[in-house]
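Worksheet: the structure to be examined is printed underneath.
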Amino acid sequence: MRTTITLRDDLLKLARAETRAKSITAAVNQALEDWARRMRIDRIKGMAGKVHFDGDLKELRELESKKGERLYAARSR
């Protein structure tokens, strides 16, 4: 989507330097993606203590580990 916005030069330079973006568009897109990710993380953290989980966390982690191993093996073929 094309849009016209006014950005502070110092923030834009900082964003380009920190993201090592080759273009202004890439720097702004990366900054927005990072911001959205942080917002999702904060929302999930806000749920701490509010969600009940009665499963076996150790068993779940083992299943996830085995799943990852199978995916790695399939890609290595």
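The values are calculated or read from the model by the stated rules, or taken from the named source; none is laboratory data. This one's a predicted model, so the numbers in the text were calculated from it and none came from an experiment. No Cβ is skipped: glycine too gets one built from the backbone with ideal geometry, and neighbour counts run over all protein chains shown.
Of note:
- Listed by position, the helices (runs of 4 or more DSSP H) contained in the chain that have at least 3 residues being exposed (fewer than 10 other Cβ atoms within 10 Å of the Cβ), of a type in the set (A, V, I, L, M) and out of contact with any Pro (no Cβ under 8 Å at 6 or more places or on another chain) are 57-76.
- Residue pairs meeting the criteria (Cβ under 8 Å; at least 6 apart or on separate chains; first more than 15 Å from ASP34 (Cα to Cα), in the stretch 1-22; second assigned to a loop (DSSP other than H, G, I, E, B) and at pLDDT below 95): none
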